[in-house]
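The values are calculated or read from the model by the stated rules, or taken from the named source; none is laboratory data. Computed from a predicted structure; not experimentally measured. Glycine gets a Cβ as well: all are built from the backbone with ideal geometry, and neighbour counts include every protein chain shown.
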Amino acid sequence: MSLNLFAFFHLNMMFSSIPEERRPEVVEKAYWPLLDLPEAVGFPIGIEATGLTLEIINAIDPGWIARLRERIISGQIEFIGSGYAQIIGPLCPAIVNEQNLRLGNQVYEAILGARPKLALINEQAYSAGLIPLYRAAGYQAICMDWDNLAPHHPEWPAETRFSPQQAIAPDGTTIGLLWTQTFLFQRLQRLAHDDISLDEYLETISSFRTRSPRTLCLYSNDAEIFGVRPNRMATEERVANGEWQRIQSAWQALARQPDVRFVSPSEAFGDYANTTAPLHLETSAYPIPVKKQPKYNVLRWALAGRDNLAINAACSRLTDALEEKRVTTDMEWAQLCRLWSSDFRTHITEQRWHAYLNEVAELEAKHGTSPPPPWPPSKSGVQRSDGRWITVETPALKATLNRRRGLAIQSLARHGETAPPMIVSHLHGRFQGIALQYDWYTANLVFEALDGPKVSDLDWAHTSIDHLPDGIIRVTGTMQSRKGPITKAITFDAIKPRVTVDIWADWPEPGRGSLRAAHICVEPTAFEWKDLTARCHNGGHDQESFALGPGPIDHAAAVSFQVSATTGLGCTDGILDISDGRRGFRIEIDRAVAPLIPMIEHRPEVEGPFCRILLSAQETDDTLKPHSDRRPPLHFRYAILLH
């Protein structure tokens with residue numbers, strides 16, 4: 001039976017490691033040969049680009065845009081959309097994702113004369129909450145990577161990968177789903193770069209033949225790596241002569257084989273999705289799927305780069321400012337979408353990085369969105385504390401703090417509540433399993449370097465207690481660490497069962513390592529675990545739900561020595577709800593200060609589940625670089641609200 005083959009190429013003029021002066025070279029050596037490819041091979045291909053990339057190409061070479069339009073009209077090229085800028089949807093507020101898709105459609109209509117119906121989610125960083133936004137923007141189907149998703153879904157039949165499907169959103173909205181495969185696009189790259197022979201490549205594709213018809217995506221990645229090199233990695237090969245010619249020859253050879261049919265992406269999609277049950281792509285253990293290998297995960301754009309936490313905070317403040325304005329222009333939203341671009345958050349060149357920082361600073365000055373004052377507030381009416389345990393009571397809360405361990409929260413409960421407290425610290429002996437025979441604290445900061453000792457705030461706190469107006473109590477402590485002093489202010493509300501934690505680390509550049517600003521431990525006896533669920537927004541308007549009961553879940557597990565964590569939650573409105581339907585609590589992250597990323601660790605144990613939430617400020621991967629412009633102190637703010 002037949003193999004239905006299709007391919008599309010991703011174009012990105014914002015490619016992080018390509019200097020702006022090299023963009024004309026990319027158009028000449030990569031984009032022009034791409035336009036000639038469908039005519040040479042005799043079948044249609046797809047091209048995907050953001051509206052911003054089309055604008056840049058149009059400014060460099062309008063003739064290329066004119067030829068693209070001709071190819072689209074003739075049916076030789078199908079255009080695939082992705083929005084105005086290449087933003088990471090699960091990390092951006094819903095309004096930014098909406099504006100990005102809307103502005104992208106405007107550019108597509110203005111430059112190409114039509115709106116695409118098939119979308120490539122940027123970096124294939126997917127969340128279920130994005131589906132209604134893509135449907136509202138007119139998209140009928142999306143493309144997602146099978147290879148990275150399948151290990152998290154052993155319940156899917158193996159043949160699922162060879163036919164289009166549907167994906168489903170939290171509100172029941174569905175969208176068509178067309179599979180891409182990392183393995184196949186990397187095989188084509190190896191062929192083009194002369195790493196494997198034509199026979200090896202043809203054998204790879206032939207290995208997918210069966211008696212049943214199958215659909216395969218031969219390519220779904222960057223066009224810029226053929227004919228030029230982005231200079232992103234030290235291990236990149238030199239450009240091999242005839243890279244586009246190798247692709248052309250291979251596909252011509254495939255087309256001559258019996259039972260092989262090349263189709264456009266939309267033809268490959270066909271009507272399958274109307275007859276298949278929709279799939280939940282996300283899982284509790286893997287809430288935000290991303291393309292390629294596990295080392296390539298959503299945390300690179302959230303917490304790595306040169307200073308992604310700080311620039312994401314700035315973009316969050318600017319988003320709030322535009323939302324609050326009565327009248328905003330398309331130009332303002334387009335600029336903000338561009339500032340949210342993923343390429344500023346990976347291998348950005350030094351020159352482009354400093355230009356980016358200057359633009360952000362100017363825009364923050366214009367909108368008055370500078371970060372809050374960096375240092376702890378002054379104290380009045382202070383009472384000193386010298387004991388190890390500090391008990392704090394307000395009409396709403398009762399808490400015990402461990403002064404010996406940096407004001408870690410030993411227990412936190414509603415005032416007068418008789419049920420077990422939901423938030424605790426687990427002292428040595430609480431769990432019998434050897435892997436858990438430690439102290440596990442709540443509200444503590446830990447930095448783990450790749451090449452040095454662990455640093456934390458778990459030291460004696462020089463503590464003061466401040467009784468503020470309206471019955472509010474604030475406990476402030478200063479702890480010493482190997483990297484410098486850490487100040488923590490814990491503020492207890494008198495009306496709501498809410499505690500706010502501010503942390504200031506008077507450190508220079510932390511260096512390469514993971515920085516978890518907070519750990520929040522859950523008491524095993526406090527919940528019906530089979531019903532316990534985490535809920536948050538990951539770039540959409542609707543909360544997404546992740547069951548915690550079955551476990552295991554370990555978002556913070558290292559992928560390798562160089563990649564310190566696996567995944568996390570976007571939490572794009574700053575709120576993470578944990579509840580079993582009877583009682584629960586909410587973690588509120590002040591994204592204007594620092595958009596910390598929640599990560600969940602959950603292990604079923606004999607004594608009851610070990611469950612904690614980590615709020616991360618930095619993770620390591622290949623994009624993390626020292627940032628000399630960062631100035632101390634590091635400041636983080638989050639709150640815990642019991643309900």
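Using beta carbons and a limit of 8 Å, which pairs, at least six apart or on different chains, have the first residue in the stretch 265-288 and of a type in the set (S, T, N, Q) and surrounded by fewer than 21 Cβ atoms within 10 Å (Cβ to Cβ) and the second one at pLDDT 95 or above and in a loop (DSSP other than H, G, I, E, B)?
S266/K117; T283/H153
Does D542 meet the test of being modelled with pLDDT of 95 or more, out of contact with any Gly (no Cβ under 6 Å at 6 or more places or on another chain) and of a type in the set (D, E)? Steps first, please.
Values: modelled with pLDDT of 95 or more: yes; out of contact with any Gly (no Cβ under 6 Å at 6 or more places or on another chain): no; of a type in the set (D, E): yes.
Here the answer is no, as D542 does not meet what is asked.
Of a type in the set (A, V, I, L, M, F, W, C) and over 27 Å from T173 (Cα atoms): does that describe L569?
For L569, the condition - of a type in the set (A, V, I, L, M, F, W, C) and over 27 Å from T173 (Cα atoms) - is not met.
Inspect the stretch 632-640 for any residue being more than 19 Å from V424 (Cα to Cα), hydrophobic (A, V, I, L, M, F, W, C), crowded, with 23+ Cβ neighbours inside 10 Å and touching a Gly at 6+ places or on another chain (Cβ under 8 Å) and give the result as yes or no.
There is no residue in the stretch 632-640 that is more than 19 Å from V424 (Cα to Cα), hydrophobic (A, V, I, L, M, F, W, C), crowded, with 23+ Cβ neighbours inside 10 Å and touching a Gly at 6+ places or on another chain (Cβ under 8 Å).
Scanning for something more than 23 Å from T276 (Cβ to Cβ), assigned by TED's automatic domain parsing to the domain that holds A223 and of a type in the set (A, V, I, L, M), does the stretch 139-157 turn up at least one residue? Give the derivation first.
Within the stretch 139-157, the first condition is being more than 23 Å from T276 (Cβ to Cβ), and the residues that meet it are none.
Within the stretch 139-157 (the criterion being more than 23 Å from T276 (Cβ to Cβ), assigned by TED's automatic domain parsing to the domain that holds A223 and of a type in the set (A, V, I, L, M)), the answer is no, since none of the residues qualifies.
Would you mind finding the one in S2, S74 that is farther than 24 Å from E243 by Cα and touching a residue at least 40 places away in the same chain (Cβ under 8 Å)?
On the way: S74 fails: touching a residue at least 40 places away in the same chain (Cβ under 8 Å).
Exactly one of S2, S74 is farther than 24 Å from E243 by Cα and touching a residue at least 40 places away in the same chain (Cβ under 8 Å), namely S2.
Mind checking which residues of the stretch 568-582 are small (G, A, S) and outside any strand (DSSP E or B)?
Selection gives G568, G570, G574, G581.
Assuming E448 fulfils every condition listed in (1) within 29 Å of R384 (Cβ to Cβ); (2) assigned to a strand (DSSP E or B) apart from one, which condition is it?
Answer for E448: the failing condition is (1).
Based on what the data block shows, is R586 more than 24 Å from T623 (Cβ to Cβ), surrounded by fewer than 19 Cβ atoms within 10 Å (Cβ to Cβ) and in contact with a helix residue (DSSP H, G or I) (Cβ under 8 Å, 6 or more places away or on another chain)?
No.
Just wondering, is there one or more residues in the stretch 327-335 that are buried (at least 19 other Cβ atoms within 10 Å of the Cβ) and not assigned by TED's automatic domain parsing to the domain that holds I205?
Yes, the stretch 327-335 contains a residue that is buried (at least 19 other Cβ atoms within 10 Å of the Cβ) and not assigned by TED's automatic domain parsing to the domain that holds I205.
Does G471 count as more than 25 Å from E417 (Cβ to Cβ), surrounded by fewer than 21 Cβ atoms within 10 Å (Cβ to Cβ) and out of contact with any helix residue (DSSP H, G or I) (no Cβ under 8 Å at 6 or more places or on another chain)?
It is false that G471 is more than 25 Å from E417 (Cβ to Cβ), surrounded by fewer than 21 Cβ atoms within 10 Å (Cβ to Cβ) and out of contact with any helix residue (DSSP H, G or I) (no Cβ under 8 Å at 6 or more places or on another chain).
Among the listed residues G549, G570, identify the single one that is under 25 Å from the mean Cα position of the chain (by Cα), surrounded by fewer than 22 Cβ atoms within 10 Å (Cβ to Cβ) and not aliphatic (A, V, I, L, M).
Matching residue, one of G549, G570: G549.
Does the stretch 493-502 contain any residue that is in contact with a Phe, Trp or Tyr (Cβ under 9 Å, 6 or more places away or on another chain), of a type in the set (D, E) and not assigned by TED's automatic domain parsing to the domain that holds L309?
Within the stretch 493-502, one or more residues are in contact with a Phe, Trp or Tyr (Cβ under 9 Å, 6 or more places away or on another chain), of a type in the set (D, E) and not assigned by TED's automatic domain parsing to the domain that holds L309.
Sort through E98, E109, E20 and tell me the only one that's touching a Lys or Arg at 6+ places or on another chain (Cβ under 8 Å) and at pLDDT 95 or above.
Residue meeting the stated conditions: E109.
Any chance the stretch 353-372 includes a residue that's of a type in the set (V, I, T), modelled with pLDDT of 95 or more and under 23 Å from the mean Cα position of the chain (by Cα)?
Yes, some residue in the stretch 353-372 is of a type in the set (V, I, T), modelled with pLDDT of 95 or more and under 23 Å from the mean Cα position of the chain (by Cα).
Regarding H415, is this residue more than 30 Å from D320 (Cβ to Cβ), in contact with a Pro (Cβ under 7 Å, 6 or more places away or on another chain) and either buried (at least 17 other Cβ atoms within 10 Å of the Cβ) or touching a residue at least 40 places away in the same chain (Cβ under 8 Å) (or both)?
Here the answer is yes, as H415 does meet what is asked.
Is it fair to say S17 is more than 24 Å from A250 (Cα to Cα), surrounded by 18 or more Cβ atoms within 10 Å (Cβ to Cβ) and out of contact with any helix residue (DSSP H, G or I) (no Cβ under 8 Å at 6 or more places or on another chain)?
Criteria met by S17.
May I ask you to list pairs of residues, at least six apart or on different chains, whose Cβ atoms are under 7 Å apart, with the first in the stretch 314-330 being in a helix (DSSP H, G or I) and the second being at pLDDT 95 or above and aromatic (F, W, Y)?
C315/W340; L322/W333
Return yes when K483 is in the same structural domain as R388 (by TED's automatic domain parsing), crowded, with 18+ Cβ neighbours inside 10 Å and not acidic (D, E) and no when it is not.
In short, yes.
Quick check: anything in the stretch 344-366 in a loop (DSSP other than H, G, I, E, B) and of a type in the set (D, E)?
First, the residues of the stretch 344-366 that are in a loop (DSSP other than H, G, I, E, B): 346-349.
Now drop any that are not of a type in the set (D, E), which leaves none.
Checked the stretch 344-366: no residue is in a loop (DSSP other than H, G, I, E, B) and of a type in the set (D, E).
Given the criteria surrounded by fewer than 17 Cβ atoms within 10 Å (Cβ to Cβ), at pLDDT 95 or above, in the same structural domain as E523 (by TED's automatic domain parsing) and not acidic (D, E), does A557 qualify? Let's see the steps before the verdict.
Working: surrounded by fewer than 17 Cβ atoms within 10 Å (Cβ to Cβ): yes; at pLDDT 95 or above: yes; in the same structural domain as E523 (by TED's automatic domain parsing): yes; not acidic (D, E): yes.
For A557, the condition - surrounded by fewer than 17 Cβ atoms within 10 Å (Cβ to Cβ), at pLDDT 95 or above, in the same structural domain as E523 (by TED's automatic domain parsing) and not acidic (D, E) - is met.
Would you mind stating whether P164 is modelled with pLDDT of 95 or more and either surrounded by fewer than 23 Cβ atoms within 10 Å (Cβ to Cβ) or of a type in the set (S, T, N, Q) (or both)?
Working: modelled with pLDDT of 95 or more: no; either surrounded by fewer than 23 Cβ atoms within 10 Å (Cβ to Cβ) or of a type in the set (S, T, N, Q) (or both): yes.
No, not satisfied.
Go through the stretch 94-122 and give me each residue that's in a helix (DSSP H, G or I) and in contact with a strand residue (DSSP E or B) (Cβ under 9 Å, 6 or more places away or on another chain).
If the condition is that a residue be in a helix (DSSP H, G or I) and in contact with a strand residue (DSSP E or B) (Cβ under 9 Å, 6 or more places away or on another chain), then V96, N97, N100, L101, G104, N105, Y108, L112, N122 are the ones that fit.
Taking A399 as meeting all but one of (1) of a type in the set (G, A, S); (2) farther than 16 Å from F492 by Cβ; (3) in contact with a Phe, Trp or Tyr (Cβ under 9 Å, 6 or more places away or on another chain), write down the number of the exception.
Going through the list (1) of a type in the set (G, A, S); (2) farther than 16 Å from F492 by Cβ; (3) in contact with a Phe, Trp or Tyr (Cβ under 9 Å, 6 or more places away or on another chain), A399 breaks only (2).
When you go through (1) touching a strand residue (DSSP E or B) at 6+ places or on another chain (Cβ under 6 Å); (2) hydrophobic (A, V, I, L, M, F, W, C); (3) at pLDDT 95 or above one by one for A449, which number turns out not to apply?
The failed condition is (3).
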